[in-house]
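Report on the structure given below.
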Amino acid sequence: MKTPIYMDNHATTSVDPRVLETMLPYFSDTFGNSASRNHSFGWQAEEAVENARGQIARLIGADAREIIITSGATESDNLALTGVAEFYKEKGNHIITCVIEHKAILDTGHMLEQKGFEVTFLPVDKHGSIDLDELADAITDKTTLVSLMAANNEIGTLNPLKEIGKLTREKGVLFHCDATQGVGHMDIDVEEMNIDLASFTAHKIYGPKGVGALYVRRRKPRVRLSPLIYGGGHERGMRSGTLNVPGIVGFGKAADIMHEEGAQERENLLVLRERIFQGITREVEYVYLNGHPDTRHPGNVNLSFAYVEGESLLMGLSDIAVSSGSACTSASLEPSYVLRALGVGDDLAHSSIRFGVGRFNTEEEVDYVILRVVEAVSRLREMSPLYEMAQEGIDPSSINWSAH
Amino acid sequence: MAYSDKVIDHYNEPRNVGSLDKNDENVGTGMVGAPECGDVMKLQIKVENDVIVDAKFKTFGCGSAIASSSLATEWLKGKPIDEGLNIRNTDIVEELSLPPVKIHCSVLAEDAIKAAINDYKQKAANIESAAD
């Protein structure tokens, strides 16, 4: 077993060697611009791109012509929200999303509010689930778009896409799904789920960084968008710019592997996920699972270790790559907004660690991680005045602390 | 974020972790911070003849907070009690090469030192007035 161990697969994944191998010729011999219509270099590149587009489409049950290539999921999210809001503004000025969406959605929503649109941010319950009745009630005759994610990137909670799609279709509003974490890790079929737009990216499914996609439905209904980037009219005018051919080829291969192996991979991840959860909670007390206990991403374990601060725990796990919702790991000094929205206290938000198990993790690695976490938590608790109080029977939350 | 070698050293080998008897009349206890803010420091000193003969800490917080309090106990031990009050957070920042985002850890350590010394002085004053 090699260290450091990478277990932060919600942040990014390593490029699958099969993906890399498929990409390499497109950096050298087959370097053409896929928009060059009058020579073989261009034709070869175009053929490769169209093949990949088909592979990407197939992963979500779409048609190749419905895939717009972007630089990544953040751009896709921006394009979906802004593009729909602008194009349909005569019909209505209201869009609906949720407080625990990714910042690419939330910040775009705030920007649209500045421009005069109305945005509803739905709340979530303690597991990070929305209330479908609340969603139904929020839809008005001014609503053009509902944007809800497939799987949450921090806590792994899955949204009921099929039920959401049924509702939005009945109400005649568009449904955009940020499927960045969900693709390959849960069933996503744009037809069955009535998804009208979907964002996802290569680097979360063992493809390269810098290439993503926005699925845009072509029929029933045909979705129209105002572009964000103007130029040569690439991607049916919705996203100009010379295509990243090697990246797209890699994205296609990554999608193809996920399509073939995804179902088995989910089973494997579930085994590892449960092994981590059981292994840690068997050895350590005062550990709380964040997110939904069952309806969650198969590779996601998000735990709060009471009385231990997250960044100091990460420091104790120096040969393991995981992430924390602690404020200290970000520049903002605010703990995770996702955990806050769930009603997790700030003290426990500061104590959270996200494990993101992926394709290349092994049982041996998981066992090592368990061992190291148990060791580090025990050591830090010996050093923690809050743990000492808890041991003495004093509830730290009963103290009147002076916030600083 | 990269940690300085000194922060890592204090994190890996914290000096003077533990607790003193807070009911001992020679012991001063300072508890500062708040769990919601992600750091709580408990710093204790034991005083004999106006000299800090022992110091202990327990900290809930990031590596820099642990290092700041660990360093504080190291500096306090052996110091006359009034000199303890001269320790400034900027001294801690300099010694541990803390980046700007971690300066609040050093401020908290300075607050903990003051709180512990004041607690001891308060106790001593109470004992004196009880004796009068």
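Tallying residues that are over 26 Å from residue A:23 (Cβ atoms), assigned to a loop (DSSP other than H, G, I, E, B) and touching a strand residue (DSSP E or B) at 6+ places or on another chain (Cβ under 9 Å) within region A:191-210 yields 4.
Residue pairs whose Cβ atoms lie under 9 Å apart, separated by 6 or more positions or on different chains, with the first residue in region A:352-376 and open to solvent by 30 Å² or more (accessible area, probe 1.4 Å) and the second among the basic types (Lys, Arg) and not in a loop (DSSP other than H, G, I, E, B), are A:363/A:275; A:367/A:275.
Filtered by the rule that a residue be open to solvent by less than 20 Å² (accessible area, probe 1.4 Å), within 13 Å of another protein chain (Cβ to nearest Cβ) and outside any strand (DSSP E or B), region A:294-309 gives A:306, A:308, A:309.
Only residues that are at the interface with chain B (Cβ under 10 Å from one of its Cβ atoms) and either over 34 Å from the mean Cα position of the chain (by Cα) or open to solvent by 20 Å² or more (accessible area, probe 1.4 Å) (or both) were counted across region A:377-391, and they come to 7. Note on region A:96-111: among residues that are more than 13 Å from the chain's Cα centre (by Cα) and of a type in the set (Val, Ile, Thr), the one that is nearest to residue A:342 (Cα to Cα) is A:99. Of all residues assigned to region A:221-244, none qualifies as being without any contact (Cβ under 8 Å) to a residue 24 or more places away in the chain and within 14 Å of chain B (Cβ to nearest Cβ).
Could you tell me which of the residues B:82, B:54, B:132, B:39 is more than 13 Å from every other protein chain (Cβ to nearest Cβ) and in contact with a Leu (Cβ under 9 Å, 6 or more places away or on another chain)? None of the others qualify; the one that does is B:54.
Taking the stated definitions as given, is residue A:3 touching a helix residue (DSSP H, G or I) at 6+ places or on another chain (Cβ under 7 Å), under 23 Å from residue A:204 (Cα atoms), touching a residue at least 12 places away in the same chain (Cβ under 8 Å) and of a type in the set (Ser, Thr, Tyr)? Taking the combined requirement at face value, the residue does not satisfy it. For the structure I just gave you, tell me whether residue A:70 is open to solvent by 50 Å² or more (accessible area, probe 1.4 Å), under 24 Å from residue A:230 (Cα atoms) and of a type in the set (S, T, N, Q). Considered against the rule, which asks whether it is open to solvent by 50 Å² or more (accessible area, probe 1.4 Å), under 24 Å from residue A:230 (Cα atoms) and of a type in the set (S, T, N, Q), residue A:70 comes out as no. Residues in region A:313-324 that are assigned to a strand (DSSP E or B) and touching a helix residue (DSSP H, G or I) at 6+ places or on another chain (Cβ under 6 Å) were compared, and the one that is farthest from the other protein chains (Cβ to nearest Cβ) is A:320.
Let's see how each residue does on (1) in a helix (DSSP H, G or I); (2) touching a Phe, Trp or Tyr at 6+ places or on another chain (Cβ under 9 Å); (3) at the interface with another protein chain (Cβ under 9 Å from one of its Cβ atoms):
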| site | (1), (2), (3) |
| --- | --- |
| A:292 | no, no, no |
| A:311 | yes, no, yes |
| A:334 | no, no, no |
| A:359 | no, yes, no |
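All conditions but one from (1) assigned to a loop (DSSP other than H, G, I, E, B); (2) closer than 30 Å to residue A:106 by Cβ apply to residue A:402; the one that does not is (2).
Among the listed residues B:92, B:66, identify the single one that is hydrophobic (A, V, I, L, M, F, W, C), within 14 Å of chain A (Cβ to nearest Cβ) and in contact with a Ser or Thr (Cβ under 6 Å, 6 or more places away or on another chain). Explain how you work it out, then say what you get.
Values: B:92 fails: within 14 Å of chain A (Cβ to nearest Cβ).
Sole residue among the options that is hydrophobic (A, V, I, L, M, F, W, C), within 14 Å of chain A (Cβ to nearest Cβ) and in contact with a Ser or Thr (Cβ under 6 Å, 6 or more places away or on another chain): B:66.
Cβ separations smaller than 8 Å between residues 6+ apart or across chains give the following pairs from region A:132-154 residues that are in contact (Cβ under 8 Å) with a residue 12 or more places away in the chain and open to solvent by less than 10 Å² (accessible area, probe 1.4 Å) to residues that are basic (Lys, Arg) and in a loop (DSSP other than H, G, I, E, B): A:144/A:89; A:144/A:91.
Looking at region A:1-22 only, could you name the residues that are outside any loop (DSSP other than H, G, I, E, B) and polar (S, T, N, Q)?
Step one: filter region A:1-22 for residues outside any loop (DSSP other than H, G, I, E, B), giving A:5-6, A:8, A:17-22.
Of everything in region A:1-22, just one residue is outside any loop (DSSP other than H, G, I, E, B) and polar (S, T, N, Q), namely A:22.
Within region B:1-20, being surrounded by 21 or more Cβ atoms within 10 Å (Cβ to Cβ) and either assigned to a loop (DSSP other than H, G, I, E, B) or more than 10 Å from chain A (Cβ to nearest Cβ) (or both) holds for B:3, B:10, B:14.
In region A:247-285, which residue that is touching a helix residue (DSSP H, G or I) at 6+ places or on another chain (Cβ under 7 Å) and open to solvent by 70 Å² or more (accessible area, probe 1.4 Å) is nearest to residue A:364 (Cα to Cα)? Once the filter is applied, the top-ranked residue is A:275.
Mind listing whichever residues of region B:83-112 are among the basic types (Lys, Arg) and touching a residue at least 40 places away in the same chain (Cβ under 8 Å)?
Of everything in region B:83-112, just one residue is among the basic types (Lys, Arg) and touching a residue at least 40 places away in the same chain (Cβ under 8 Å), namely B:102.
The values are calculated or read from the model by the stated rules, or taken from the named source; none is laboratory data. Keep in mind the model is a prediction, meaning the values are calculated, not measured. Neighbour counts run over all protein chains shown; Cβ positions are idealised from the backbone, glycine included. Ligands, DNA and RNA are stripped out before the accessible areas are found, and what is left, the full protein with its side chains, is counted by its heavy atoms. Shrake-Rupley method; radii C 1.70, N 1.55, O 1.52, S 1.80 Å.
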